[in-house]
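Notes for the one structure printed next.
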Amino acid sequence: MLINKNNTDIVNQNSLNMQFNSATLQDISQNCKILNSNFYLDSFNYFPISKDFETFHTLFKRNDQNSLDHFYTKAFYENLIEKKNNFKVFKDSFVLGSSPSDNYYTNLFYFFPRIFFINEKKLKVLIHRNLSNNFRNLILFFCKVRGVEVSFNFIDDGFYKFENCLMPQFFKIQESVKILKFFIELTLPNVESPNFRPKIYIRRGNANYRKIINEADLIERLRKKDFEIINPEHFEILTQMKIFSNAKIIISSHGSNLSNIAFCKQGTKIIEISPTIQNESEKILVNRYKNISDIVGLEHITINADTVDQNDYPPVVKKYINSDILTMSSYYKNLILKVSEIEKLISNL
């Protein structure tokens, strides 16, 4: 069976302590523990298991994850023992990781901040093969700024063995926002972006769900209020961040594009159009952008919309989200905004 080790164990047990490096960003007093060892890891949870079958729950459980209790079952342990010698091996690499479904929120707040704790000048960085070129370019940009020569190695869905590899801890959202704002706000003044008006509406473009069915009616009214209509997919990530940082009012349906509100100026007004959630396990998802607004000091307003069933989902959605959840949850449906809510929204702008 796997055994979990907490931070006190790591500090007090020399054999554990030797498996970790420490790094500190002095300017923001942010510390980071970095596993420097041999370990097993799957590309969905990114929850490392040491060669001695020990885990480090406090360092490597992300806020967006549900329970990891299945790792501590007898069935999981026996399956790991049986298959571990057949895992593909990576050596001498930095395990950054990325969302297997290429979710921008998860990539930005859980995986990307770890790149700033690289101390080496030349490194192989491991990411999931599904990570977008846009995000790969963001990683390369900041590594170049910091004088780090990077090459990518790719993992797919499954378990792997890592030998002599580095893997930084995951950070709480407050810590991730602090790290990102420090580095990105130093960069944004030098980023060119379109001269948009300060009121913007964010479309979900090619999103797989949570599109606003009657969006055309909303856009027509917003244009009369001098709103810019923006599809972030048309811009590089740093340009997206710059657009958000210049805005005074942002309207968007709930989705990963709203992650960029982390770079808004204090007091910016965020109007989020969201499904009504009944399932307790999904409330952490629906509240994630309100939480970022609270951290950054934004004025956040949520408008609930009715949900509309979808006939089908693309393969990537069905691969990573259970079919029962897709059927029962309002979180993965499209939205329809009542005309009265549109009028109320417009009149208050």
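Since every read-out is calculated from the coordinates, none of them should be taken as a lab result. Computed from a prediction, not measured in an experiment: that's the story for all the values here. Using ideal geometry, Cβ is built from the backbone for each residue, glycine included, and neighbour counts are taken over all protein chains shown.
Just name one of ALA207, ASN14, THR187: the one whose Cα is farthest towards the positive end of the charge dipole of the chain (beta-carbon charges, Lys/Arg +1, Asp/Glu -1).
THR187
If I build a Gaussian network model for the chain, linking alpha-carbon pairs within less than 10 angstrom, which residue out of TYR72, TYR201, TYR209 has the largest mean-square fluctuation?
TYR72
Fewest to most neighbouring Cβ within 10 Å: what's the order for LYS224, LYS61?
Working: LYS224 9, LYS61 19.
Placing the least packed residue first, the sequence is LYS224, LYS61.
Can you give the FRET efficiency to the nearest 0.05 for THR327 and ASN214, using r as the Cβ-Cβ distance and R₀ = 25 Å?
0.60
Tabulate in residue order the Karplus-calculated ³J(HN,Hα) for region 38-49, using 6.51 cos²θ - 1.76 cosθ + 1.60 with θ = phi - 60°, rounded to whole Hz; enter x for Gly and Pro.
9, 7, 9, 7, 9, 8, 10, 8, 6, 10, x, 10
Principal axis lengths of region 3-188 from Cα atoms, whole Å, largest first?
Cα extents, longest axis first: 50, 36, 31 Å.
Which of the listed residues, GLY158, PRO48, GLY255, is farthest toward the dipole's positive end in the chain, when Lys, Arg count +1 and Asp, Glu count -1 at the beta-carbon?
The Cα lying farthest towards the positive end belongs to GLY255.
Stokes-Einstein diffusion coefficient for region 211-349 at 25 °C in a medium of 0.890 mPa s, Rh from the Kirkwood formula over Cα pairs: what value in µm²/s?
Values: Rh = 16.1 Å.
Translational diffusion coefficient: 152 µm²/s.
Given the pairs LYS51/LYS121; LYS181/LYS333; LYS88/LYS319; LYS91/LYS181; LYS269/LYS333; LYS178/LYS338, which span a C-alpha to C-alpha distance of over 30 angstrom in this model?
Details: LYS51/LYS121 27 Å; LYS181/LYS333 32 Å; LYS88/LYS319 22 Å; LYS91/LYS181 32 Å; LYS269/LYS333 26 Å; LYS178/LYS338 37 Å.
Pairs exceeding 30 Å: LYS181/LYS333; LYS91/LYS181; LYS178/LYS338.
Given Cβ point charges of +1 (Lys, Arg) and -1 (Asp, Glu) and nothing else, what value in debye, to the nearest 20, does the dipole of the chain about its Cα centre take? Spell out each step's value before the answer.
Working: 44 positive and 37 negative charges, 131 e Å.
So the magnitude is around 640 debye.
Any idea which of LEU59, ASN38, ASN86 is furthest toward the positive side of the dipole for region 33-150, if Lys and Arg beta-carbons carry +1 and Asp and Glu beta-carbons -1?
Of the listed residues, the answer is ASN38.
Is region 143-270 best put as rounded, prolate or oblate by its Cα gyration tensor, with a ≥ b ≥ c the root eigenvalues, rounded for a/c under 1.5, and otherwise prolate when a/b is larger than b/c, oblate when not?
Verdict is prolate for region 143-270.
If you take the C-alpha gyration tensor of the chain, multiply each eigenvalue by 5 and take the square root, what semi-axes do you get, largest first, in whole Å? Walk me through the numbers on the way to the answer.
Working: eigenvalues 278, 118, 60 Å².
Semi-axes (√(5λ), whole Å): 37, 24, 17.
Between THR302 and ALA23, take the C-beta separation as r, use R0 = 30 Å, and let me know the FRET efficiency to the nearest 0.05.
On the way: r = 37 Å, r/R0 = 1.24.
That gives a FRET efficiency of 0.20.
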